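Step one of this worksheet: look at the structure below.
Since every read-out is calculated from the coordinates, none of them should be taken as a lab result. Everything numeric here is computed off the predicted structure, so don't read it as measured data. Here Cβ is always computed from backbone atoms with ideal geometry, including for glycine, and neighbour counts include all displayed protein chains.
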Amino acid sequence: MNSSKLVIGNWKMNGSTAQVRAFADLAAQDWPGCEAALCVPHPLLPAAQAAFGATPLRWGAQDCSAEEEGAFTGEVSVRMIREFGARYVIVGHSERRAHHAETDGQIAVKAQRALAAGLTPIVCVGENAQERDGDQTGMVLRRQLLQIVRALGRDLGSIVVAYEPVWAIGSGDAASPGIIEHTHGFIADMLTFHAGTPASAVRILYGGSVNPRNAGAILSRRNVAGVLVGGASLVPADLREICKAAARCSAPTAMESDVTLQ
Ligand code: PEP
């Protein structure tokens, strides 16, 4: 597995061309040596391509269509995203699942299309508070990932998985490093068991209220290949601090095995 930690920013429906330029200016002068990318709203992809190309930052989108092309008003295809030099596309974010009723099946097709277009899909999974309280985390993660495993088969090693407990997103309260390490171990084992893909082949990121103060404790845990950052990725200095923590923690990671969740 790539031992360099990966930091992905999710700007959600925020940002502007001026903000893209501000990040690029900072990244061009002084940026820690970790892999980092900003997933911007679709209209900002051309600005990201123009501004980030000469910096260590890469860029990506936050969603793509499950269709290839045609009469799908308002949709954006993977080919269009790729045309602007994007490397990543987030699929299955909990906000898309909740507000757009996206299904596990649709998300699996999006991941397939992304890979076929040369993009790396970042597949988001995670339980909500009710599911956590009902000890259903393991069941929910298994259900969300099984469709991906079936759709991608041997290509599974080319995706990134982001564990984002819905209760932690935007709450200011990240999951504890212990819960994160344990749950990532469970996901890795589940992928190994169902896909035969070695646990170490898939990068598993944590997302949910990551900030400069908690990033180091999270990134130093076993099974954590990086972080997916929402709010803090809109502040250049905060993102740089998180990337510094990622650079410090970039060392070979051991994967846990035999982890069970309810
Ligand atoms: C997200 O929505 O992907 C996210 C991680 O948000 P935040 O960091 O703001 O919790």
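With the helix formula -39500 (n - 2.57) applied to DSSP H stretches of n ≥ 4, the chain reaches a computed 222 nm mean residue ellipticity of -12000 deg cm²/dmol. Could you give the distance between the Cα centres of the stretch 198-250 and the stretch 67-93, to the whole Å? Distance between centres, Cα-based: 26 Å.
With N set to the number of residues, divide the alpha-carbon radius of gyration of the stretch 76-135 by 2.2 N^0.38 Å and report two decimals. List each step's numbers first, then the result.
Numbers: Rg = 13.3 Å, N = 60, 2.2 N^0.38 = 10.4 Å.
For the stretch 76-135, the normalised Cα radius of gyration comes out at 1.28.
How large is the direction-averaged shadow of the alpha-carbon convex hull of the chain, in nm²? Numbers along the way, then the final one.
Numbers: hull surface 49.7 nm².
So the mean shadow area of the Cα hull is 12.4 nm².
For V89, the amide hydrogen comes within under 5 Å of the amide hydrogens of A61, T120, I122, counting only partners 5 or more places away or on other chains and with H modelled in the peptide plane.
Could you tell me whether the stretch 25-119 comes out rounded, prolate or oblate from its Cα gyration tensor? Rule is a ≥ b ≥ c as square roots of the eigenvalues, rounded for a/c under 1.5, then prolate if a/b exceeds b/c, otherwise oblate. Don't jump to the answer; show the numbers that get you there.
Numbers: a/c = 2.26, a/b = 1.85, b/c = 1.22.
Because a/c hits 1.5 or more and a/b exceeds b/c, the stretch 25-119 counts as prolate.
If you model the stretch 108-226 as an ellipsoid using its alpha carbon gyration tensor, with each semi-axis the square root of five times an eigenvalue, the axes come out at 23, 16, 14 Å, biggest first.
Qualifying chymotrypsin sites (Phe, Trp or Tyr not before Pro) in the stretch 8-75, where qualification requires a DSSP coil assignment and no more than 15 other C-beta atoms within 10 Å, comprise F72.
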